[in-house]
C-alpha cells in the first residue's frame, strides 16, 4: 500500500465513450502527477499539479482532460480516445518543495484498453 | 535518443544467483538518481535515491552504485528470490528544473 489509490484498475472503452480515471492520495503531499506507460517505452509525463494548479502539460492531446479539485484528488477525463491510447496510466504524488522534486509515490495504475 | 539507457533489456536468472543491471545517462547536470521496482500490473516503488555525491546505497539485497564522472549507475541484486521478478526503472532528476528522465526498464525474471 503506497498511499496512492487509483480507480478503476482496468477499463475497456470504445472510441466514442467518455470515462474518467480517479486518483486519491492519503500522504498529505502537495503535488500530483499523471503518467502514461506504454509497452517498451519510458514513462511519459502527462500532467503535473502543484498546490492544485496545473504547472505542466506535456503537449497532451485535448482528448485527455485533467482535473484537480483539491490536493488529495486527481482525475483524468477521457473522451473520443484512439486505440493507441491503450496503456497503463499511473498517478503519483510527491511533496514538492522550492526547487526540489520529492520522492514519487505511485498508485497501482489504471490499465486502459481502447477498442 | 533516450537520455537514460538501461541494459540488458531483459534478463532471466536462477533463484539464489546475483545479477547487475546497468543504467547509462546523458542528462547533465543532475540532482539525483533513483531506482524503482515495478511488479507486473503494479505501480513503481522506490528502491534507492542517490545524490550526485553518493557512490553507493543499499536497500536490503539491492545495492545501487553511481559514478557521476562516467554517468553510469548499476543496481546489484544479491541472492535473487522469485519475488525479485519485476521491471527495474532508472530515473534521473535534472538539476534546476527538476524534470525526470526515465529509462525503459530492465525486465528481470527469476526462475526456480
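Coordinate-derived values only; no laboratory data. All values reported here derive from a predicted model rather than from experimental measurement. In this analysis, Cβ positions are derived from the backbone assuming ideal geometry, glycine residues included, and neighbour counts consider all displayed protein chains.
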- Along principal axes, Cα extents of the range B:1-60, largest first, whole Å: 37, 30, 23
- Query: Under the Kirkwood approximation for Rh and a Cα-based Rg, what ratio Rg/Rh is obtained for the range A:54-105?
  - Reply: 1.00
- Note on the structure: Computed on Cα atoms only, the convex hull of the range A:1-57 has an orientation-averaged projected area in nm² of 5.4
- If each residue's Cβ is checked for other Cβ atoms within 10 Å, how do B:20, A:2 rank with the fewest at the top? B:20, A:2
- Item | For chain B, the fraction of alpha-carbon pairs in successive 10 Å shells from zero, as % | 15, 50, 29, 6, 0
- Query: Regarding chain A, what are the three Cα extents along the principal axes, ordered largest first, in Å?
  - Reply: 41, 29, 29
- Item | Exposure proxy ranking, count of Cβ atoms within 10 Å, fewest first, for B:27, B:91, A:12 | A:12, B:27, B:91
- In what sequence do B:88, B:62 fall when counting other Cβ within 10 Å, fewest first? B:62, B:88
- For the range B:2-29 and the range B:52-71, what is the separation of their C-alpha centers, rounded to whole Å? 13
- Message: Suppose we keep just the DSSP beta bridges with both residues in chain A; what percent of those would be antiparallel, to 5?
- Response: 90
- Task: Pairs of Cα atoms under 8 Å, at least six residues apart: use those to get the relative contact order of chain B, whole percent.
- Result: 37
- Based only on the alpha carbon positions, what is the Kirkwood hydrodynamic radius of the range B:40-80, in angstrom? 11.3
- Message: On a full-extension model of 0.36 nm per residue, what is the gain between residue B:15 and residue B:28, subtracting their alpha-carbon distance, rounded to one decimal in nm?
- Response: 1.0 nm
- Item | Spin-label pair residue B:55/residue A:72, simplified geometry with 7 Å Cα→Cβ offset, distance in nm | 4.6
- Message: How high is the relative contact order of chain A? Use alpha-carbon pairs under 8 Å, at least six apart in sequence, and give a whole percent.
- Response: 37
- Task: With the Cα gyration tensor of the protein assembly as shown in hand, convert its eigenvalues to equivalent ellipsoid semi-axes via √(5λ) and list them largest first in whole Å.
- Result: 29, 21, 16
- Query: Share of antiparallel DSSP beta bridges in the protein assembly as shown, in percent to the nearest 5?
  - Reply: 90
